[in-house]
Amino acid sequence: MRCARCGSRQIAIKRPRTDRILCKDCFCTEFEEDVHLGIVENHVFTPGDLVAVGVSGGKDSTVLLHVLHTLNARHQYGIQLHLLSADEGISGYRDNSLETVYANARTYELPLTVVAYKELFGWTMNEIHQAIGKKNNCTYCGVLRRKALDVGAQRINATKLAMGHNADDYAETVLMNVCRGDIGRMERCTDMTTGGPESGTVTRVKPLKYVYQKEVVMYAHFKKLLYFSTPCTYAEEAYRGYARTFLNRLHAVLPSAVADIIHAGERLQLADQIKREQPKQRKCQRCGYITSQALCQACALLEGLNTTRSTDVAAAPPAAVPEEVVRPPPPQTSETPDPQSPGDIESTPALRS
């Protein structure tokens, strides 16, 4: 058995979408060609674009960073890359993954901006987890991360926000929308480009749409990329995890399942009557973010959290005030130090901010 591209006997991978058997070098070449073809056919970038690359330190965003850096130099896209990361405030997870992000920023010599949940929303994910428990952590985190990245992209005046969603992510999203009956998202969930100035957001692009999760992992391995692989602390109860499990089982018996589901989503068209029944897009009354309700999802979730926090503070019993301890004055003797001398002043530890 030989590589279908160069004839080498050093076989590395069988591509799940095309069934082509390739060596390591030819696979990496085809991987990059597929991403480039998707970028060109979908008119993803325009010369002069400032592209904020959403990076978390994980394999998907690290592969996206490497491929865009490579293709921009090879094909002269004429774009500038700026790394953008969100700090959710998850102890033992995000703080460690950000070390990888900083290391990659140095490796590729690119500017990096980090936006923190605490700064933007007044909450960290650790605090949200304490307030709501184990359920729905990914719902809160996903909604807040989306808004945080949009805010970060606007801060640096980016014209595009590139995300590392791959083909498996797209297929999972289609399945989730079907299961939820979310008609509004069904029609646009397979687009490579979403949002834009007309919706009040930075245009989002997903150049890895046509490459599989397995291929992303293998590309990162063959290129020896530095990425953080520890799963999120709060991801155990994620709804997406169930869709991923189902998709993996389906892929085992039908290798084309991922591409078939994406194709089905692309072909979906809503009837005119259904379109008219969909809520109209407008601006959030509180922050101006695009939404179909009075408040955007982020503001609605934060309102619930802040109400809970206010209720908890109001219901908390007042802190006990310790009784003042009155000590008798020391006897005045010849050996008693002067009350104003340094020896009689008790040292007080400095307060930490």
Sequence-distant lysines (8 or more away, or on other chains) whose Cα lies within less than 22 Å of Lys206:
Lys59, Lys147, Lys160, Lys214, Lys223
Classify region 26-157 from the C-alpha gyration tensor, please: rounded if a/c falls under 1.5, else prolate or oblate depending on whether a/b exceeds b/c.
prolate
Least to most buried among His165, His69, His221, by other C-beta atoms within 10 Å and fewest first, runs His221, His69, His165
Leu22, Leu270, Leu175, Leu254 arranged by Cβ crowding within 10 Å, fewest neighbours leading
Leu254, Leu270, Leu175, Leu22
Highest GNM mean-square fluctuation among Leu84, Leu110, Leu161, for the chain with Cα springs under 10 Å, belongs to Leu110
Projected label distance in nm at Leu50 and Gln273, using a 7 Å step from Cα toward the beta-carbon:
4.8 nm
Rounded, prolate or oblate: pick one for region 74-218, where a ≥ b ≥ c are the square roots of the eigenvalues of its C-alpha gyration tensor, a/c under 1.5 means rounded, and failing that, prolate if a/b is larger than b/c, else oblate.
rounded
For the chain, set up a Gaussian network in which alpha carbons nearer than 10 Å are linked by springs, and say which option among Lys24, Lys280, Lys147 fluctuates the most.
Lys280
Percent of C-alpha pairs per 5 Å bin, region 2-82, short to long
3, 13, 21, 20, 17, 13, 8, 4, 0
How long, wide and thick is the chain, going by the Cα atoms along their three principal axes, in whole angstroms, largest first?
101, 54, 43
What do you get when you divide the Cα radius of gyration of region 175-256 by 2.2 N^0.38 Å, with N the number of residues?
1.35
Förster radius 25 Å - calculated FRET efficiency between Tyr102 and Arg20, Cβ distance, rounded to 0.05:
0.10
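Laboratory data are not the source of any read-out in this text; all were calculated from the coordinates shown. Please read these numbers as outputs of a predicted model, since none were measured by experiment. All Cβ positions, glycine included, derive from the backbone under ideal geometry; neighbour counts span all protein chains shown.
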